[in-house]
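Scroll down for the structure; my scribbles are underneath it.
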Amino acid sequence: MTDQAPDRKFANTLARGLGVLRAFRASDNGLTNADIAERTGLPKPTVTRLTYTLCELGFLSHGMRNERFRLGPAAVALGSVASLSISFVELASEAMQKLADDTGTLALIAVRDGERMLLARTWRPQVLSTFCL
């Protein structure tokens, strides 16, 4: 993570804290301070201060000494509110289901998150059964 161009209105500490939250992925089984430092490019002492603050505010949770950080209740609540505010997904739902049915494949909407894409919603063809091998 690199600092933004100098701008008096830009809050670097806030950007760094949000960068810590963005370091988490759905596939993670928690992260250590070292993991977060590696993903964000921030110095480990900075990450330690940020994770402490985020834990105190409920955006991260942390168990005992060797426990990993996980997103906390405040982050989950914020994510829930954010997902409800993406009204275009519901507006597109009927058309996306038709696309999935017509093509016999998955249809999906993803949103860009920096260099990553986050899956917002998927639609499966209604007439095809799903099976795993």
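Annotations
- Meets criteria (in a strand (DSSP E or B), in contact with a helix residue (DSSP H, G or I) (Cβ under 7 Å, 6 or more places away or on another chain), touching a residue at least 24 places away in the same chain (Cβ under 8 Å) and among the charged types (D, E, K, R)) for R121: yes
- Single unsatisfied condition, L119 versus (1) among the hydrophobic types (A, V, I, L, M, F, W, C); (2) surrounded by 10 or more Cβ atoms within 10 Å (Cβ to Cβ); (3) modelled with pLDDT under 80: (3)
- The residue list R39, R116, R65 contains one member that is basic (K, R), outside the structural domain of F24 (by TED's automatic domain parsing) and out of contact with any strand residue (DSSP E or B) (no Cβ under 7 Å at 6 or more places or on another chain), which is R116.
- Any pair with Cβ under 7 angstrom, 6 or more apart, that starts in the stretch 37-59 at a residue that is of a type in the set (V, I, T) and ends at one that is not in a helix (DSSP H, G or I): T40/M1; T40/A23; T51/L60; T51/F69
- Residue among L54, L50, L71 that is at negative phi, at pLDDT below 95 and of a type in the set (A, V, I, L, M, F, W, C): L71
- Pairs where the first residue, in the stretch 87-116, is within 30 Å of A23 (Cβ to Cβ) and the second is part of a helix (DSSP H, G or I) and of a type outside the set (D, E, K, R), C-beta under 6 Å, 6+ apart: A107/M96; A107/L99; A107/A100; I109/V89
The values are calculated or read from the model by the stated rules, or taken from the named source; none is laboratory data. As the structure is a prediction and not an experimental result, all values here were calculated from the model. All Cβ positions, even for glycine, are placed from backbone atoms using ideal geometry, and neighbour counts span all protein chains on display.
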